[in-house]
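The values are calculated or read from the model by the stated rules, or taken from the named source; none is laboratory data. Computed from a prediction, not measured in an experiment: that's the story for all the values here. Virtual Cβ from ideal backbone geometry, glycine too; neighbours counted across all protein chains shown.
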Amino acid sequence: MNPPPTVINFAYGSNLLVARIRERVPSAQPLAVARLHGYRLAWHKRGRDGSGKCDIVATGEPLDCVWGVAYAIDARERPLLDAAEGLGHGYEHHPVRVLAAIGTMDAFAYRAIDIDTSLAPFDWYHGLVTAGALAHGLPAGYRARLAAQPVMADPDHARVAHHRRLIGL
């Protein structure tokens with residue numbers, strides 16, 4: 001029996017955290033820490049909850065880099081991740097080529113189509129991103145830039161509690 005076909009997702013935001021992405025797509029398996037050159041990370045995607053979420057922005061500058069994780073996902077579960085990410089409403093699929101210690105990989109990422117630069121992320125969302133970056137050992141300088149991002153408190157206490165459990169707080 002052949003294993004199910006897989007797709008590779010380049011996660012750079014809250015899906016860096018294994019618990020977060022597996023809550024959405026249980027088959028997700030981290031393949032490697034990877035980097036996407038010629039892009040920068042922004043926190044300007046308008047979330048359905050009114051806060052800022054991560055986005056990749058093409059700069060064309062080879063020294064610009066977004067760090068993340070390449071995950072293998074059962075292709076049959078991709079619609080689950082698309083729904084969680086708001087495909088067609090907040091994000092679109094974006095093909096990327098990422099570089100990892102195991103080689104270059106073609107993957108898909110989510111790129112924002114609903115942008116509001118005035119937004120900040122909720123503290124729990126920021127916590128998912130920074131916890132994922134730490135868990136995967138992303139470079140210290142990159143983690144410091146993530147940590148410096150201003151955040152705001154989420155008034156929805158149940159949502160805060162749920163996401164803090166994923167982080168392990």
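Among strands (runs of 3 or more DSSP E) entirely within segment 1-99, having at least 2 residues that are in contact with a helix residue (DSSP H, G or I) (Cβ under 7 Å, 6 or more places away or on another chain) singles out 6-11, 52-58, 65-74.
Going through segment 100-124 one residue at a time, which ones are closer than 29 Å to ALA158 by Cα and touching a helix residue (DSSP H, G or I) at 6+ places or on another chain (Cβ under 9 Å)?
Those that are closer than 29 Å to ALA158 by Cα and touching a helix residue (DSSP H, G or I) at 6+ places or on another chain (Cβ under 9 Å): TYR110, ALA120, PRO121, PHE122, ASP123, TRP124.
When GLY137 is tested against the conditions (1) surrounded by 13 or more Cβ atoms within 10 Å (Cβ to Cβ); (2) within 17 Å of the chain's Cα centre (by Cα); (3) touching a residue at least 60 places away in the same chain (Cβ under 8 Å), the lone failure is (1). Within segment 18-53, restricting attention to residues that are in contact with a His (Cβ under 9 Å, 6 or more places away or on another chain) and of a type outside the set (Gly, Ala, Ser), which residue is nearest to MET105 (Cα to Cα)? Ranking the candidates gives VAL33 first.
Output the number of residues of segment 100-135 satisfying the condition of being in a helix (DSSP H, G or I), out of contact with any Cys (no Cβ under 8 Å at 6 or more places or on another chain) and closer than 17 Å to ALA11 by Cα. Number of matching residues: 10.
Here GLY50 does not qualify as touching a Pro at 6+ places or on another chain (Cβ under 8 Å) and either modelled with pLDDT of 95 or more or closer than 30 Å to ALA153 by Cβ (or both). For LEU138, the criteria (1) over 13 Å from GLY13 (Cα atoms); (2) at pLDDT 95 or above hold in every case but one, which is (1).
Residue-by-condition table, conditions (1) surrounded by fewer than 23 Cβ atoms within 10 Å (Cβ to Cβ); (2) under 14 Å from ARG20 (Cβ atoms); (3) without any contact (Cβ under 8 Å) to a residue 24 or more places away in the chain; (4) aliphatic (A, V, I, L, M):
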position: GLY68; (1), (2), (3), (4): no, yes, no, no
position: TYR71; (1), (2), (3), (4): no, yes, no, no
position: GLY90; (1), (2), (3), (4): yes, no, no, no
position: ILE102; (1), (2), (3), (4): yes, no, no, yes
position: TYR110; (1), (2), (3), (4): no, yes, no, no
position: ALA120; (1), (2), (3), (4): yes, no, no, yes
position: ASP123; (1), (2), (3), (4): yes, no, no, no
position: THR130; (1), (2), (3), (4): yes, yes, yes, no
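From the set of residues in segment 147-162 that are part of a helix (DSSP H, G or I) and without any contact (Cβ under 8 Å) to a residue 60 or more places away in the chain, which is surrounded by the most Cβ atoms within 10 Å (Cβ to Cβ)? Among residues in segment 147-162 that are part of a helix (DSSP H, G or I) and without any contact (Cβ under 8 Å) to a residue 60 or more places away in the chain, the one surrounded by the most Cβ atoms within 10 Å (Cβ to Cβ) is VAL160. Per the conditions (1) aliphatic (A, V, I, L, M); (2) more than 13 Å from the chain's Cα centre (by Cα); (3) within 24 Å of VAL151 (Cβ to Cβ), the sole criterion not satisfied by VAL18 is (2).
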